[in-house]
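First comes the structure, then the notes that go with it.
The values are calculated or read from the model by the stated rules, or taken from the named source; none is laboratory data. What you see is a predicted model, and the numbers here were worked out from it, not measured in a lab. No Cβ is skipped: glycine too gets one built from the backbone with ideal geometry, and neighbour counts run over all protein chains shown. For the accessible areas, the whole protein counts, side chains as well, though only heavy atoms, and no ligand, DNA or RNA atoms are used. Shrake-Rupley method; radii C 1.70, N 1.55, O 1.52, S 1.80 Å.
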Protein chains: 2
Amino acid sequence: MSGEDNLLKLVEVEEADDHDYRLQEQVGFILRKAHQRHVSIFAAHIADLTPPQFAALAKLRDVGETSQNQLGTLIAMDAATVKGVIDRLKARGLVELSKHEVDKRRLLVNLTAEGRDAIDRLIPLAREITRETLAPLSAKEIAIFMKLLAKLA
Amino acid sequence: MSGEDNLLKLVEVEEADDHDYRLQEQVGFILRKAHQRHVSIFAAHIADLTPPQFAALAKLRDVGETSQNQLGTLIAMDAATVKGVIDRLKARGLVELSKHEVDKRRLLVNLTAEGRDAIDRLIPLAREITRETLAPLSAKEIAIFMKLLAKLA
DNA sequence: GGAAATTCATTCGTATGCAAATGATATCAA
DNA sequence: TTGATATCATTTGCATACGAATGAATTTCC
């Protein structure tokens with residue numbers, strides 16, 4: 001092989017490499033699509049609440065009264081986002097807000113009776129949403145997938 | 001065991017079931033967190049473009065000129081969303097728009113020279129983003145995970 | 001005690017993401 | 001041919017999502 005051939009080969013390899021990037025095989029792209037699909041399944045089962053709103057109610061049910069900020073940490077939402085979510089839940093009477101007696105910076109959030117009823121009623125639907133989201137996988141695959149997904153998140 | 005005991009047992013089981021819903025173990029919740037993490041890694045490597053904007057450029061590089069709608073299908077974005085993405089890319093001179101000669105409904109999108117330079121320059125960074133996103137997994141785990149994730153998306 | 005650093009919440013700006021409604025054009029079918 | 005359908009794009013409205021800036025309150029630490 002001549003030196004020229006070698007050079008040509010290198011150039012070709014680099015170009016092949018360049019064109020070798022396949023968007024639809026990248027983890028970020030597929031992750032985004034999987035998330036989209038889940039949100040769509042969620043909406044089909046629970047039309048009047050978004051996944052973040054549901055997450056806020058479900059977590060409040062677990063931990064009881066907490067500060068808005070702490071709740072955000074628990075459900076992986078930044079302060080600006082959680083405020084919007086809580087504002088909308090409050091407007092619908094599902095949560096109530098109060099000031100922390102000691103630490104005046106904190107805004108306490110809690111379920112109302114209506115909010116508790118709502119989340120209790122929705123949890124069976126949420127189980128079904130999880131089931132349907134994972135439906136393309138076998139039981140064994142689900143176990144593996146969830147373990148690996150948890151490592152990534 | 002008396003009939004009363006049986007009834008009590010049933011009630012207890014149902015309540016335990018009720019409290020058994022763990023948000024942080026649900027696939028939707030973890031999927032959302034994994035996606036968040038990926039976006040964060042993306043932003044750390046490519047500050048001046050969002051993942052959807054990058055996806056649009058990368059796909060245009062693959063397929064060449066297409067209609068806005070068709071591009072949306074290819075990158076899993078609805079018509080309203082893709083319009084915003086393309087508008088912003090156009091404002092930055094990375095894509096150009098033209099009317100389809102025959103079908104007057106269609107708006108054709110293509111990379112500009114600058115857009116092509118940009119995406120060519122960014123692809124190596126995108127490879128690194130994928131690598132870093134998958135870093136918590138071993139090579140074998142990555143292969144399994146990607147296969148299962150693709151099934152879900 | 002008091003300055004510096006931290007924490008909590010809010011606001012603003014920008015960017016997805018999608019449902020629904022609308023208008024223009026194209027295709028299909030009777 | 002024309003009337004019904006379907007497709008493409010746009011617009012509006014609402015809901016995340018997050019960086020950055022701001023202000024109030026608290027904690028830390030010298």
Ascending list, in nanometres, of distances separating the A:Asp20 label from those of the other copies (7 Å, Cα toward Cβ): 4.9
Helix A:51-63 axis, angle to chain A major axis (alpha carbon atoms, nearest 10°): 50
Cross-link pairs A:Lys90/B:Lys33; A:Lys90/A:Lys147; A:Lys99/A:Lys151; A:Lys33/B:Lys140 - those with Cα-Cα distance over 30 Å: A:Lys90/A:Lys147; A:Lys99/A:Lys151
Using a 7 Å Cα-to-Cβ projection, B:Lys90 label spacings across copies, nm, ascending: 4.0
Nonlocal amide H pairs with A:Thr66, under 5 Å, H built at 1.01 Å: A:Val109
Sparse-neighbour loop sites [GluC sites (Glu not before Pro); region B:51-118; at most 12 other C-beta within 10 Å; DSSP]: B:Glu101
Other-copy label distances relative to A:Ile144, 7 angstrom Cα-Cβ extension, nm: 0.5
Amide H contacts of B:Thr112 (H built 1.01 Å from N, under 5 Å, at least 5 apart or other chain): B:Val95, B:Glu96
Cut-off 14 Å between beta-carbons: net charge of the residues surrounding A:Gln36, Lys and Arg +1, Asp and Glu -1: +3
In nm, spacing of pseudo-spin labels at A:Lys151 and B:Lys151 (7 Å Cα→C-beta vector): 1.7
Accessible area (Å², 1.4 Å probe, nearest 10) - B:Ile142: 50
Relative contact order computed over region A:48-152 (Cα-Cα under 8 Å; 6+ residues apart), in percent: 25
Area of A:Val102 that stays accessible when all protein chains are in place (1.4 Å probe, Å², to 10): 130
Chain B, closest residue to the rotation axis toward A, by beta-carbon, whole angstrom: B:His35, 2
